[in-house]
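Student: Would you mind keeping the following structure in view while I ask a few things?
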Amino acid sequence: METTRKWRWGKNRWIVLLLIILSVFAINIAAPVQPHIQVAPEKIIEEPLFNLGPLGDFYLVNTLPTLIIVDLIIIAIAFAVRQSLRKGDLVPRGIAGAMEGLIEVLYNLTESAAGKHARRIFPWFATILILVLVANLMKVLPGMETVGVMHHYDHGHPIQNLFGNFYTLLPGEAEHGDGYILTPFFRAVSTDLNFTLALALISVFMTQVIGVQTQGLRYFTKFINFTTMFKKPFFGFMDFLVGLLELISEFAKILSFTFRLFGVMFSGFVLVALVITLVPIFVPSMIYMFEVFMGVIQAFVFGMLTMVFMSMATRGHGEEEHH
């Protein structure tokens, strides 16, 4: 045990020290520059790819390539698990074992909350959680939000040629309005309001679908309830008001889902950009660790809320599920 501890804290600390020294040289060769920060995703190509008629032009924004890579990663994991299971091992190993453990935990959570409806809810819960998790963790990959194309900008930075057609930004503002900003090829897809809004709409809409599948049209009495209006006018009126509040809360879920994920991930993007500019040595590593933690937490929160809302939709008004 003592030998292992010496190796771990002896050898690895020199690796950390070497990386710190290399980072000192790196910031002297290419000094960190505060990026141009905007809420909307940046256009990689200024010209639209095609026109969508009444919806306007469709541009290639830098969250779209990231979303494609996220999908490819998930598909690759699925194929890797499939190939591993085809070997017929009694105990899955590698990626198959890791995914089996994750799926088992997620299904047990779903079954504890939804009971007999777990099989109906679980695919939506697991898919959303894994998609958001991979999308969030993409932020910490090298090259994300740091490599792209230069676009002319009046208040941009001067540029310096590295070699060939490759340039880097320099600190400060360019003179005579002859500045440039970097438009990254890849930006974290969770910092795009369109992505978080689409997930929120899918989550809330499928909650209503599952409610109708399990309860039929009786599900809508949760929102518009006249059943006791004439028998017990006072309590019937209260039930009607409660139904209206439930209806408002369903729309509020869309806003909550959308802006919670977007707000946390976009603020993390801004924090990383500022810290790297102000304290480029060692401190950004801790911020990236914090970003990994927040990415995992936000994926779990988004998926868990989806699962809880769907399980609640399977129960009638005032009904309790017994397992």
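The values are calculated or read from the model by the stated rules, or taken from the named source; none is laboratory data. Keep in mind the model is a prediction, meaning the values are calculated, not measured. Note: ideal-geometry Cβ built from the backbone for every residue, glycine included; neighbour counts use all protein chains shown. Side chains are part of the model used for accessible areas, which takes the heavy atoms of the whole protein and leaves out ligands, DNA and RNA. Shrake-Rupley method; radii C 1.70, N 1.55, O 1.52, S 1.80 Å.
Student: Treating the Cα atoms of the chain as identical point scatterers in vacuum, please give the log10 of the normalised Debye intensity I(q)/I(0) at q = 0.09, 0.12, 0.14, 0.15 Å⁻¹, two decimals.
Tutor: The Debye formula, applied to the Cα set alone, gives -0.67, -1.02, -1.21, -1.29.
Student: Using only DSSP helix segments of four residues or longer, with each worth -39500 (n - 2.57), what per-residue ellipticity at 222 nm results for the chain after dividing by its residue count and rounding to 500?
Tutor: -21500 deg cm²/dmol
Student: Which peptide among 286-298, 243-255 comes first, and what is the full order, when sorted by highest mean count of other Cβ atoms within 10 Å?
Tutor: Ranking the peptides 286-298, 243-255 by packing returns 286-298, 243-255.
Student: Same structure again: Using a 1.4 angstrom probe on the protein heavy atoms only, line up HIS176, HIS117, HIS152 by accessible area, largest first.
Tutor: Ranked list, largest accessible area first: HIS176, HIS152, HIS117.
Student: Run the dipole for the chain about the Cα centre, Lys and Arg Cβ at +1, Asp and Glu Cβ at -1, nothing else charged, and hand back the magnitude in debye, nearest 20.
Tutor: 1400 debye
Student: Determine, for the chain, the count of lysine pairs separated by eight or more sequence positions (or lying on different chains) whose alpha-carbon distance falls under 27 Å.
Tutor: 7
Student: Once you charge only the Cβ atoms, +1 for Lys and Arg and -1 for Asp and Glu, what is the size of the charge dipole of segment 108-228 about its Cα centre, to the nearest 20 debye?
Tutor: Once rounded to the nearest 20, the dipole reads 1180 debye.
Student: How far is helix 283-313 tilted off the main Cα axis of the chain, in degrees rounded to 10, range 0 to 90?
Tutor: 20 degrees
Student: Please list ILE121, ILE77, ILE181, ILE45 in order of solvent-accessible area, largest first, computed with a 1.4 Å probe with all protein chains present.
Tutor: From most exposed to least exposed: ILE45, ILE77, ILE181, ILE121.
Student: Something else: Using a Gaussian network model of the chain whose springs link C-alpha atoms within less than 10 Å, name the residue from MET138, MET150, MET238 with the highest mean-square fluctuation.
Tutor: MET238
Student: Counting other Cβ atoms within 10 Å, which GluC sites (Glu not before Pro) in segment 24-105 have at most 13 and lie in a DSSP loop?
Tutor: GLU46
Student: Now, a different point. Between the helical axis of 233-278 and the dominant principal axis of the chain, each derived from Cα atoms, what acute angle in degrees is found, rounded to the nearest 10?
Tutor: 10 degrees
Student: Arrange the peptides 28-36, 12-20, 192-200 so that the one whose residues have, on average, the most other Cβ atoms within 10 Å appears first.
Tutor: 192-200, 28-36, 12-20
Student: Right, something else. Can you tell me the orientation of helix 193-215 relative to the chain, as the angle in degrees between its alpha-carbon axis and the longest Cα principal axis, to the nearest 10?
Tutor: Its long axis makes an angle of about 20 degrees.
Student: Specify the residue with the greatest mean-square fluctuation among ALA299, ALA98, ALA135, computed from a Gaussian network of the chain linking alpha-carbon atoms under 10 Å apart.
Tutor: Residue with maximal mean-square fluctuation among ALA299, ALA98, ALA135: ALA98.
Student: Moving on. Per residue, how large is the accessible surface of the chain? Use a 1.4 angstrom probe and give square angstrom.
Tutor: Spelled out: the 1.4 Å probe surface of the chain, per residue, equals 61 Å².
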